[in-house]
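Reviewing the structure listed below.
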C-alpha cells in the first residue's frame, strides 16, 4: 500500500486580520453617559467660614457696644441721682439760716446741728430797740431751751414742747417771714440753779452754754397772767 502524498504548494495561505479605523463605541468618550458627580470646592467652604466669622464678629461688636452703652447710662443715672439726693439733703439739712427777729427785723443767725438735735440762734445787742444780745440754745433731746442774756450774763432755762423736726421747720419758715416777737418768761425760783444740777439735768450742751452765767428756771406766761416774779421778754 502506498503512503499518502502531501502537496506543499497547494497550502492555503493565512490571511492577516484587517484593522478598522473606526473607534469602538466603548472607546468613544463623547458618547459615554456618566452620572453627575457632586463637587465641593474648598473655595466655597472658605467663603462660608469667613461669612460665619464675620457675622459672629458683628454680633460680638453689637453686644459690646450695647454693654458699654448700658454701663454709661447706668453711671450717668447713678451720678444724677446722687447729685439730686445731695442737693435735696443739702436743702433739707441746712446748717446755717439767716432769719429776722421782731417788727424791726433784727438779723438773727441760726446754726443747726442735725446730729445732736440742737438749734442755736443769736442776735446782737440793738440800741434802737434796747434789745439785749440774746443767745438761745434749743436742746431737743433734753427738751430744754436756754436763753442766755449776754449783756447781763443770765441764763433763762425753760422746757421745750416740740420735736426737732417741728422746730427745724419752724426756723426755716423764719427765713421768709421773720421771727415774731418773743415770749414772756417768769422766774420760777429766786434761787439760782446749782452747777451740778444744771449739768445733770441739762447735760453737756446746756451746761456748756450757761456755764459762765447765773442760771434760773423760767416758764412761759401769758400777758394777762399776774405774777410778782421776775418777767423777761425773749
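Of the residues that make up the stretch 174-196, is at least one loosely packed, with under 14 Cβ neighbours inside 10 Å, in contact with a strand residue (DSSP E or B) (Cβ under 7 Å, 6 or more places away or on another chain) and at pLDDT below 95?
Yes, the stretch 174-196 contains at least one residue that is loosely packed, with under 14 Cβ neighbours inside 10 Å, in contact with a strand residue (DSSP E or B) (Cβ under 7 Å, 6 or more places away or on another chain) and at pLDDT below 95.
Looking only at residues in the stretch 192-224 that are under 15 Å from residue 134 (Cα atoms) and not in a helix (DSSP H, G or I), which one is farthest from the chain's Cα centre (by Cα)?
214
Which of the residues belonging to the stretch 121-149 are out of contact with any helix residue (DSSP H, G or I) (no Cβ under 8 Å at 6 or more places or on another chain) and closer than 18 Å to residue 170 by Cβ?
122, 123, 134, 136, 143, 145, 147 - these are the residues of the stretch 121-149 that are out of contact with any helix residue (DSSP H, G or I) (no Cβ under 8 Å at 6 or more places or on another chain) and closer than 18 Å to residue 170 by Cβ.
Restrict the check to the stretch 123-142 and report whether at least one residue is surrounded by fewer than 17 Cβ atoms within 10 Å (Cβ to Cβ) and in a strand (DSSP E or B).
So far as the stretch 123-142 goes, yes, one or more of its residues are surrounded by fewer than 17 Cβ atoms within 10 Å (Cβ to Cβ) and in a strand (DSSP E or B).
Would you please name the residue that is farthest from the chain's Cα centre (by Cα), looking only at residues in the stretch 172-181 that are part of a helix (DSSP H, G or I) and in contact (Cβ under 8 Å) with a residue 12 or more places away in the chain?
Across the stretch 172-181, the extreme among qualifying residues is 174.
Residue 70: more than 20 Å from residue 206 (Cβ to Cβ) and assigned by TED's automatic domain parsing to the domain that holds residue 212, yes or no?
Here the answer is no, as residue 70 does not meet what is asked.
In the stretch 124-171, how many are in contact with a strand residue (DSSP E or B) (Cβ under 7 Å, 6 or more places away or on another chain) and touching a residue at least 40 places away in the same chain (Cβ under 8 Å)?
So the answer is 20.
Check off (1) in contact with a helix residue (DSSP H, G or I) (Cβ under 8 Å, 6 or more places away or on another chain); (2) free of Cβ contacts under 8 Å to residues at least 24 places away in the same chain for residue 113 and give me the number that stays unchecked.
The failed condition is (1).
The values are calculated or read from the model by the stated rules, or taken from the named source; none is laboratory data. Treat the numbers as computed from the prediction; the structure is a model and nothing was measured. All Cβ positions, even for glycine, are placed from backbone atoms using ideal geometry, and neighbour counts span all protein chains on display.
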